[in-house]
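Only one structure is covered here, and it is reproduced in the block below.
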Amino acid sequence: MEQHEERISSFFRFEDLRVYDKATSYATWLVGVLKGIDGTDPLKSAFCHSAFDIAINIAEGSSRTKSQFEHCLKVAKTAVRECVVYTEVASNSGMLDEMQKEQSRENLMELTRMLGALIISLERSSERRSQAPAEEPAEEADPYASDGMSY
């Protein structure tokens, strides 16, 4: 008897994206690191907001067209760059120690690579679609399909 390994997907398909998992993990890590800091601190608030925006834009874009999804992923990359700035300022002001600063930067670099890879994958699938012969229907590339890339 042949066994089939089926991947159980979430109702919200963006939850199956590794980049979404990485983004929520980063936001959760950040909240934990900044937990002891006054909740009204403007740097903490802005930093957390940008960290949340990474995952939020991935989730929001996933339900839209490919070009809109690409746009939302680029907005998520902007939020990553904001977090790089907040990481530096938080480190300079003593909110983050050197190890936390490096952890933040490493996570943000990985998020940038993952977002970039997903954007390129979507762009390539759009290019293939536009180059498909007119008599054959173009295949929709599934950004959730496992194609060996680590999103």
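Data for the structure
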quantity: Pair list, Cβ < 9 Å and 6+ apart or interchain, from segment 105-133 residues that are farther than 22 Å from C83 by Cβ to residues that are modelled with pLDDT of 95 or more and among the charged types (D, E, K, R); calculated: L122/E70; E123/E70; S126/E70
quantity: Selected residue (only one of L96, L73, L43, L30 is surrounded by 15 or more Cβ atoms within 10 Å (Cβ to Cβ) and over 20 Å from the mean Cα position of the chain (by Cα)); calculated: L96
quantity: Qualifying positions in segment 34-56 - of a type in the set (A, V, I, L, M) and closer than 30 Å to S125 by Cβ; calculated: A51, I54, A55, I56
quantity: Flag if A59 is over 17 Å from L122 (Cβ atoms), out of contact with any Gly (no Cβ under 6 Å at 6 or more places or on another chain) and among the hydrophobic types (A, V, I, L, M, F, W, C); calculated: no
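The values are calculated or read from the model by the stated rules, or taken from the named source; none is laboratory data. Model, not experiment: these values are computed from the prediction. Don't worry about glycine lacking a Cβ; one is built from the backbone with ideal geometry, like all the others, and counts go over all protein chains shown.
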